[in-house]
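Read-outs: derived from the displayed coordinates by stated rules, not from any lab. No experiment lies behind these values; they were computed from the predicted model shown. For neighbour counting, all protein chains shown are included, and Cβ atoms are generated from backbone atoms with ideal geometry for every residue, glycine included.
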């Protein structure tokens, strides 16, 4: 297992290196630079000074190597859009907010979705199944989260005045963003849980368990759920990095000073150090989640063996 | 299931449907009670605020004299709090730590600021400003000419690479050379005059609009500049140095900037509002934040107005409107390439735009049709003489296009119209309306292509330009026709080069007599409109809502009928500073309390 994990993480490092090279090249290929002005262009000497100050007058390959060298020393550079902080400082400030919202969203949506899907499957073809599947799940999948967000703000903030319309600093600031953000993954989780549970419910070994007189709770939790979880890991595992890097729409709608907005503003502003740092975060999260998903398989299903490992 | 298990399950507490409904209702009531934000009704009339100013009749208590504004950080970068450190990357609530030489009143007239008076020299090559004595920085030093001298020299320093150095280039003597690194910054034409309260600005030839341009003389502290080496000392509350009524108490460029009262303030203009809060939002809709009392004012888009009209709280609010920075939105052409090199083609397009209908359908009440480059109300702007040159006249438009060799649009080359999205000016709808207009009247198909803002400007500003036809705006930098009209000066932003136009601009800039300047600039505007290197579509009006408890003459109508806080906004450069206060909240408009501001 350790050798396998080491191999996977080494591969991930290689993927990250190639990704940063690609992104670095693309960033510089796109028209416009970080210090281009709109109303009146910077005079030539002023622009030359700024470019020299940030090392942007060097050849691209040298800029990349300089950046890589700094990265290996733990220095992600200074973001052009917030030069009063370092990239590390900016991410350290913004990401915890996104992680808090994302973490609570994952807990609520995954557990809630699991429960809903399980219930829907166990109460298959009843009104409970219909409500949970047709109404809740479908609505959750179909409605964009920012639309849900606006509806929640309109009702709970503007009309009723119960909850803040946005911002960060109080516990109640979490309520509406988490509800809006959770609906889609919860709906997804519920639908897939229902489908995979139904598939397992009528399996022979489940019927055998009932015939043997095992309690319904034991059958559900130990046999049905465990087997139903296997495909869910494939679907929901990779959704985690999406949630943990923030939703641009949720953060914009609820004015959360998290990481999500920097994904667009960094690109719009040609903030090269910040773009690269964000790309690395996403690559690491995605890669790690996939690795962990694969490992989780072996825990849930003892029949699964990872490639390269022998019994 | 065994008997034991059944018994165990029976004894477990369970929630009935009724119990669930009762619990949920109780929870909701509790939440509502906890979240109820009521506003105090104690009056502040007669109290003194933290700056020692007696509050007017009807004012809220001194503890509530703060003003909360929203700032959208999308695409913005916040590097400093001072104009002379950076212009395009200033943080919210910037330029509040000093007093510029001059200020602007509601009627856009220049009035004294830190300078009590000024005059031009006999040879017209310099201006002398006389500072008020006794204005102190919060570090105990006095504001003198030296602060202005050091600030302007800092701006010209090639190592500083100030992003607004074009502003004084060609105006202050040797400034252009200093920016290019050819002469040291201390050789620019700015110096102390006969005493420490006398500032002399030497110009490259006569420059009539120096007082207007000196709105942008918000000085840094010379001592702090020398100590810290840059103007970023003002983004740290512990190093902030102010001679204005406010001082920095919190700087978080991702969330909020807070300015509290500068208790060492000794300047002449004491505001009733002695605390400012800048809430920074990464996008999103500002209207709900205004409706819930998070912020005291918003700038509204046409869409916001439609939504606000359906809301019981906002539907009766007065909409304040003014041109803010007198922005003009126009379609420009690369006049060096066909078909735009043909004047008749440009004029044909100009005469085929039904501006009145376009503005009425898509932008009203937040825009007016534009027949010239300058918005009515802007210094030396004219409109009536320009209308016949560019009015909606489909027959004339068709005949001009036919004379150009494209009757009914036949044979018109494929052209692309580039634009970038801007919600405030509804550009997405406007450009579609324009192309539809041209199709309907002239029979020409123009392809639309959206670009992101940075790419658009990068392509437009390239020499030669990479945009053949584009939709763009310009808002003024200072209050003089020489500013706006210089956008079309030869070698400027666009590639239309007209020697007669350039000569008129040079003459206007040097002329001191305003009636003669009016004649010169009228001629320049007429030439610009007639030659049509651009089609002027609309002048933007900014709409504002203020919470009902925000009051003062700063919101009243000016001589042009515009109301709301006029450009340059609430701050040291405007006399709105003394004319705004927080009143008793008689209408019980929600207002979220801000602690630790005043």
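If you scale each eigenvalue of the Cα gyration tensor by 5 and take the root, what three semi-axes come out for segment A:230-276, rounded to whole angstrom and sorted largest first?
Largest first, segment A:230-276 gives 26, 14, 7 Å.
With a cut-off of 12 Å, note down the residues of segment A:200-216 whose backbone N falls inside the zone around a label point 7 Å from the Cα of residue A:230 toward its beta carbon.
Counting only backbone N, you get A:200.
Would you mind computing, in nm to one decimal, how far apart the modelled labels at residue A:199 and residue A:7 are, each placed 7 Å from Cα along Cα→Cβ?
Distance between label points: 2.7 nm.
Let a ≥ b ≥ c be the square roots of the eigenvalues of the Cα gyration tensor of segment A:263-307; is it rounded (a/c under 1.5), or, if not, prolate (a/b larger than b/c) or oblate?
The shape class here is prolate.
Suppose a student asked you for the relative contact order of chain A, using Cα pairs under 8 Å spaced at least 6 residues apart; what percent would you report? Show your work: numbers first, answer last.
On the way: 337 pairs, mean separation 80.3, N = 311.
RCO, chain A: 26 percent.
As a test of the formula, what do you get for the protein assembly as shown when each DSSP H run with n ≥ 4 contributes -39,500 (n - 2.57) and the sum is divided by the residue count, at 222 nm and rounded to the nearest 500 deg cm²/dmol?
-12000 deg cm²/dmol
What does a probe at residue B:136 reach in segment B:257-272, counting residues whose amide N is under 16 Å from the point 7 Å along Cα→Cβ?
B:262-269
At 10 °C and a viscosity of 1.306 mPa s, what translational diffusion coefficient does Stokes-Einstein give for segment A:38-194, taking Rh as the Kirkwood radius over Cα pairs? Give it in µm²/s as a whole number. All intermediate terms of the calculation are to be shown ahead of the outcome.
Working: Rh = 19.7 Å.
Approximately 81 µm²/s, per Stokes-Einstein.
Computed on alpha carbon atoms, what radius of gyration and Dmax characterise segment B:527-596, expressed in Å?
Reported Rg and Dmax, both Å: 17.8, 57.
Segment B:448-598: percent of C-alpha pairs farther apart than 21 Å?
Counting pairs separated by more than 21 Å, the tail of P(r) holds 63 percent.
Once you have the Cα-Cα distance between residue B:466 and residue B:306, take 0.36 nm times their residue separation minus that, and quote the gain in nm to one decimal.
53.9 nm
Tell me, Kirkwood radius of chain B from alpha-carbon pair distances, in Å?
Numbers: mean 1/r = 0.0375 Å⁻¹.
Answer for chain B: a Kirkwood hydrodynamic radius of 26.7 Å.
Kirkwood Rh, Cα Rg: Rg to Rh for segment B:325-477?
Using only Cα positions, Rg/Rh for segment B:325-477 is 0.94.
Please state the relative contact order of chain B as a whole percent: Cα pairs under 8 Å, 6+ residues apart?
Relative contact order here is 20 percent.
Computed from the mean reciprocal separation of all distinct C-alpha pairs, what Kirkwood hydrodynamic radius does segment B:165-224 have, in Å? Kindly include the intermediate steps, with their values, before the conclusion.
Values: mean 1/r = 0.0802 Å⁻¹.
Answer for segment B:165-224: a Kirkwood hydrodynamic radius of 12.5 Å.
Given R₀ = 25 Å, FRET efficiency for residue B:513-residue B:387 by Cβ-Cβ distance, to 0.05?
That pair, residue B:513 with residue B:387, gives E of 0.40.
What does the C-alpha gyration tensor say about the overall shape of segment B:103-151? Classify as rounded when a/c is under 1.5, otherwise prolate if a/b is larger than b/c, or oblate.
Verdict is oblate for segment B:103-151.
Neighbouring Cβ atoms within 10 Å as the yardstick, rank A:53, B:196 fewest first.
Lowest count first: A:53, B:196.
Taking the Cβ-Cβ separation of residue A:88 and residue B:593 as r and a Förster radius of 41 Å, what is the calculated FRET efficiency to the nearest 0.05? List each step's numbers first, then the result.
Working: r = 35 Å, r/R0 = 0.84.
Calculated transfer efficiency: 0.75.
Based on the Kirkwood radius over alpha-carbon pairs, what is the Stokes-Einstein translational diffusion coefficient of segment B:172-285 at 25 °C with 0.890 mPa s viscosity, in µm²/s?
142 µm²/s
Could you tell me whether the protein assembly as shown comes out rounded, prolate or oblate from its Cα gyration tensor? Rule is a ≥ b ≥ c as square roots of the eigenvalues, rounded for a/c under 1.5, then prolate if a/b exceeds b/c, otherwise oblate.
Prolate is the answer for the protein assembly as shown, as a/c is 1.5 or above and a/b outweighs b/c.
What is the log10 of I(q)/I(0) for segment A:1-111, computed with the Debye formula using one identical point scatterer on each Cα and no solvent, at q = 0.09, 0.12, 0.15, 0.23 Å⁻¹?
Ignoring solvent entirely, the Cα scatterers give -0.40, -0.67, -0.94, -1.33.
Label residue B:198 and residue A:126 with points 7 Å out from Cα along Cα→Cβ: what is the distance between them in nm?
9.6 nm
Which value, to two decimals, describes the C-alpha radius of gyration of segment B:496-560 once divided by 2.2 N^0.38 Å?
Cα Rg divided by the expected 2.2 N^0.38 Å: 1.71.
What distance in nm separates the two pseudo spin-label positions at residue A:141 and residue B:119, each 7 Å out from Cα along the beta-carbon direction?
The two pseudo-label positions are separated by 8.2 nm.
For residue A:172 and residue B:182, FRET efficiency with R0 = 41 Å and r from the beta-carbon atoms, rounded to 0.05?
Efficiency, rounded to the nearest 0.05: 0.10.
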